[in-house]
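The values are calculated or read from the model by the stated rules, or taken from the named source; none is laboratory data. Bear in mind that the values here come from a model prediction, so they are computed numbers and not experimental data. Virtual Cβ from ideal backbone geometry, glycine too; neighbours counted across all protein chains shown.
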Amino acid sequence: MCFKKNIKLSFLLACTFYSIFSVAQNKLLTIQEAVLKGRSTLAPKRLQGLSFINGTTKFSYVDNNSIKIGDNATGKTNDVISLKELNAQLKLSTKDTLAALTSITWKNANQFYFSNKKGELLYSIDKKIISETDKKAEPSDLESYEKEPVTGAYAYCKDYNLFVSKNGKNMQVTNDGSIDIVYTGKNVHQNEFGITKGTFWSPKGNFLAFYRMDQTEVTEYPIVDWTTHPAKNKNIKYPMAGDKSHNVTLGIYNVKTNSTIYVNTGTPAEQYLTNISWSPDEKQIYIAVLNRAQNHMMLNEYDVVSGNFIRMLFEERDEKYVEPLNPMLFLKNNPNQFVWQSRKDGYNHFYLYNINGTLEKQLTKGTWEVKADNGFDEKGDRLFFHANEQSPVNQDFYSVTIKTAEVKRLTYGNGFHTCTLDENGNYIIDNFSNVTTPREYNIINTSSKKAINIFKAENPIKDYKLGTWNLFTIKNSEGTDLYCRLFKPVNFDSTKKYPVLVYLYNGPHSQMVTNTWMAGGELWYEYMAQKGFILFTVDGRGTDYRGKDFSQATHRQLGTKEMEDQLKGVDYLKSLPYVDGNRIGVHGWSFGGFMTTTLMTRSPGTFKVGAAGGPVIDWTYYEIMYTERYMDSPQENKEGYDKNNLLNYVDKLKGKLLMIHGAQDPVVVLQHSILYQKKAVDKGIQLDYYLYPGHEHNVLGKDRAHLMEKITNYFIDNL
């Protein structure tokens with residue numbers, strides 16, 4: 001059942017602007033402040049540890065090193081204990097004190113758990129007593145540590161093998177781990193298919209499912225450590241498009257019997273096992289099995305005891321690709337029904353199935369997308385979720401009633417809402433921002449939709465000189481709206497001509513233009529506006545949350561459609577009287593680095609300067625799972641690979657290009673930019689190149705300020 005939009009967001013019109021105006025601003029950002037403090041002291045204030053207290057109608061957070069409890073219905077708060085008071089009691093108990101109040105876990109409204117260096121402690125508010133628990137400090141040196149919430153057991157990996165620890169006893173689950181046979185506890189398939197880990201506890205903690213990754217047939221790839229004397233090589237396994245992939249199987253470890261079986265997922269070996277789900281009674285396990293071509297998915301059921309195949313619940317096919325990203329979600333009080341997310345009608349929505357694989361109804365519909373499920377209410381009647389029904393650049397919180405498919409919007413205010421649901425589905429904590437609102441926290445009743453504000457953050461950069469910025473849309477060649485963001489320089493004068501820096505990514509599963517407060521991450525946009533630049537970003541075809549046709553438009557031709565949309569952005573910029581069309585630059589990282597190099601060479605002369613970080617150059621050198629989904633294999637799509645291979649356009653470069661790479665990059669391997677340099681030398685083309693030793697795909701930490709200063713200076717010097 002669909003519901004009608006009743007609000008038209010005026011800021012979506014191309015001529016309508018929302019701006020942040022400078023008021024009493026005197027200070028200028030340094031590059032260190034812009035890069036390193038944008039997520040800390042210059043970010044909008046957060047309420048640390050803000051969460052609901054289970055079993056109560058209360059919420060809690062830490063503010064100024066003091067624990068506070070609030071009432072959901074009124075929002076009124078009371079102080080519980082300060083760090084100073086807690087440390088005084090720790091000293092009396094001859095226990096290690098705390099440097100800060102960080103995470104706490106509530107046992108009930110009167111008691112909470114916290115940890116010091118030696119282990120977990122329990123504090124009773126009414127008696128003001130600190131007592132020890134039997135839980136010691138969680139291991140910090142273990143790989144892929146994952147705790148099971150019911151039994152307190154945890155899984156971890158060491159030396160390629162998997163272990164389980166319960167009640168102080170360590171049990172080795174596997175023995176054949178090596179560089180070829182890997183149990184990392186981390187994701188397999190290179191972060192694809194929504195997989196973020198490699199171990200999956202069953203609902204009651206009796207079983208642990210885990211990935212076994214056989215990389216025997218995968219080619220080894222050299223990563224050089226330049227910090228040793230002499231330099232040392234460390235090989236990794238890196239499956240490139242069109243080559244041999246790894247073979248993944250799923251094991252199930254029985255905690256009680258200390259035994260393991262492997263699920264019989266069949267052949268071929270080169271397939272993807274995704275979206276692992278347990279039945280509520282732990283008797284079955286479900287796997288979305290995807291073929292290597294990624295155009296056919298089968299949701300299969302297997303027996304937990306034997307690992308044998310039971311049946312296929314249903315399958316999905318697509319002429320381009322199927323992309324299952326979310327596991328089955330069983331109804332809270334009905335183990336015979338589950339919710340599945342799919343884009344089969346063109347947009348990501350909820351579908352209700354029974355356990356036999358029969359579709360009972362589509363729960364959500366419309367030209368918008370469900371972005372995440374967030375749990376049920378106490379009875380299991382309503383499912384809560386985030387979605388962008390109001391606008392692709394917004395995010396709101398909703399509920400859908402399972403029986404009637406009635407959808408209700410629970411949040412108000414044009415912008416971006418990130419919500420947390422309480423255990424009974426009665427209240428949500430709404431973390432809200434938009435282009436003019438740094439951050440607000442509201443407690444919302446999910447039945448009455450009454451909202452109570454509990455905190456409003458001040459503008460953390462109010463004392464700095466800032467430009468103005470706005471959101472708007474332009475049309476691409478097909479007449480489709482493209483969402484844009486534009487920063488104007490400090491002290492903007494419409495009679496002057498300004499240089500423009502286009503900052504882009506435009507790759508799959510990305511969205512850079514959103515109705516959010518921009519000063520919550522790096523403040524580099526604001527810094528460049530201080531330097532007299534216009535900053536422009538457009539999300540073209542291939543980016544996320546616009547429906548299947550929009551994201552799949554780039555299939556088999558990564559770079560081409562994206563370039564067309566970016567050039568429409570340039571056309572718009574050149575139509576503005578205050579833009580100097582001869583001084584336009586472009587910068588991006590990873591896919592954005594690929595797009596930067598694409599634009600500099602496949603549309604030569606459009607951009608005067610480019611800075612490409614960690615760029616893909618030739619898609620045959622990128623990993624299988626990502627590349628073959630969006631490009632098919634090199635053997636199947638030679639024309640597409642050749643057309644978008646940037647080595648074929650090196651001699652077309654006009655203007656200045658700076659290429660940057662992390663010297664130990666295991667994602668977009670260094671070979672991409674090295675081959676580009678070699679081709680440039682062969683063709684007599686001059687370009688600039690910079691390596692960051694010790695860094696992988698992203699330059700992080702204090703060195704990031706160095707990186708952004710280099711990029712900034714490159715545009716100042718050449719644009």
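Tabulated data for the structure shown
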| item | result |
| --- | --- |
| Selection count, segment 668-696, where residues are touching a strand residue (DSSP E or B) at 6+ places or on another chain (Cβ under 6 Å) and either in a loop (DSSP other than H, G, I, E, B) or not assigned by TED's automatic domain parsing to the domain that holds Val616 (or both) | 4 |
| Some residue of segment 534-553 being part of a helix (DSSP H, G or I), in contact (Cβ under 8 Å) with a residue 40 or more places away in the chain, closer than 28 Å to Ala663 by Cα and among the acidic types (Asp, Glu) | no |
| Candidates Glu323, Glu315 - the one that is under 28 Å from Arg546 (Cβ atoms), of a type in the set (D, E, K, R) and in contact with a helix residue (DSSP H, G or I) (Cβ under 8 Å, 6 or more places away or on another chain) | Glu323 |
| Residues of segment 512-533 that turn out to be part of a loop (DSSP other than H, G, I, E, B) and free of Cβ contacts under 8 Å to residues at least 60 places away in the same chain, as a count | 2 |
| Residues located in segment 648-674, provided they are surrounded by fewer than 17 Cβ atoms within 10 Å (Cβ to Cβ) and over 26 Å from Glu709 (Cα atoms) | Asn648, Asp651, Lys652 |
| Evaluation of Leu299 against (1) under 19 Å from Tyr183 (Cβ atoms); (2) crowded, with 17+ Cβ neighbours inside 10 Å; (3) not aromatic (Phe, Trp, Tyr) (one fails), failing number | (1) |
| Residue in segment 98-119 that is of a type in the set (Val, Ile, Thr) and in a strand (DSSP E or B) present | yes |
| Single residue of Gly655, Gly605, Gly613 found to be at pLDDT 95 or above and either at negative phi or under 22 Å from the mean Cα position of the chain (by Cα) (or both) | Gly613 |
| Tabulated pairs, segment 384-398, first among the small types (Gly, Ala, Ser), second in a strand (DSSP E or B), C-beta under 6 angstrom, 6+ apart or interchain | Ala387/Val370; Ala387/Lys371; Ala387/Tyr398 |
| Residue ID - surrounded by the fewest Cβ atoms within 10 Å (Cβ to Cβ), chosen from residues in segment 481-511 that are among the aliphatic types (A, V, I, L, M) and not in a strand (DSSP E or B) | Val490 |
| Any hit, segment 609-618, residues being outside any helix (DSSP H, G or I), in contact with a Lys or Arg (Cβ under 6 Å, 6 or more places away or on another chain) and either farther than 21 Å from Ser477 by Cβ or among the acidic types (Asp, Glu) (or both) | yes |
| Test: Tyr347 is over 22 Å from Trp278 (Cβ atoms) and aromatic (Phe, Trp, Tyr) | yes |
| Condition met for Asn491 (closer than 21 Å to Leu535 by Cβ and either touching a residue at least 12 places away in the same chain (Cβ under 8 Å) or in the same structural domain as Asn26 (by TED's automatic domain parsing) (or both)) | yes |
| Count of residues meeting criterion [more than 17 Å from Asp396 (Cα to Cα), among the hydroxyl-bearing types (Ser, Thr, Tyr) and in contact with a strand residue (DSSP E or B) (Cβ under 7 Å, 6 or more places away or on another chain)] in segment 441-470 | 1 |
| Identity of the residue in segment 426-466, crowded, with 20+ Cβ neighbours inside 10 Å and outside any strand (DSSP E or B), that ends up farthest from the chain's Cα centre (by Cα) | Leu466 |
| Strands (runs of 3 or more DSSP E) (entirely within segment 37-95) containing at least 1 residues that are assigned by TED's automatic domain parsing to the domain that holds Lys118 and surrounded by fewer than 14 Cβ atoms within 10 Å (Cβ to Cβ) | 77-82 |
| Qualifying position, being assigned to a loop (DSSP other than H, G, I, E, B) and charged (D, E, K, R), among Asp642, Asp665 | Asp665 |
| Single residue of Asn637, Asn645, Asn718 found to be within 30 Å of the chain's Cα centre (by Cα) and either surrounded by fewer than 19 Cβ atoms within 10 Å (Cβ to Cβ) or closer than 28 Å to Thr30 by Cα (or both) | Asn645 |
| Scan of segment 595-621 for residues that are crowded, with 24+ Cβ neighbours inside 10 Å and under 14 Å from Gln671 (Cβ atoms), ordered by number | Gly614, Pro615, Val616, Ile617, Trp619 |
| Extreme residue, surrounded by the most Cβ atoms within 10 Å (Cβ to Cβ), among residues of segment 566-591 that are farther than 23 Å from Lys475 by Cβ and not aromatic (Phe, Trp, Tyr) | His587 |
| Single condition Val393 does not satisfy, out of (1) at pLDDT 95 or above; (2) surrounded by fewer than 20 Cβ atoms within 10 Å (Cβ to Cβ); (3) outside any strand (DSSP E or B); (4) not acidic (Asp, Glu) | (2) |
| Residue tally, condition part of a loop (DSSP other than H, G, I, E, B) and surrounded by fewer than 16 Cβ atoms within 10 Å (Cβ to Cβ), over segment 358-379 | 5 |
| Selection within segment 186-221 - surrounded by fewer than 17 Cβ atoms within 10 Å (Cβ to Cβ), more than 28 Å from the chain's Cα centre (by Cα) and not charged (D, E, K, R) | Thr216, Thr219 |
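Residue-wise test of (1) under 24 Å from Thr437 (Cα atoms); (2) surrounded by fewer than 23 Cβ atoms within 10 Å (Cβ to Cβ); (3) over 22 Å from the mean Cα position of the chain (by Cα).
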{"position": "Asn515", "(1), (2), (3)": "yes, no, no"}
{"position": "Leu523", "(1), (2), (3)": "yes, no, no"}
{"position": "Gln530", "(1), (2), (3)": "yes, yes, yes"}
{"position": "Arg546", "(1), (2), (3)": "no, no, no"}
{"position": "Asp549", "(1), (2), (3)": "no, yes, no"}
{"position": "Thr554", "(1), (2), (3)": "no, no, no"}
{"position": "Gln557", "(1), (2), (3)": "no, yes, yes"}
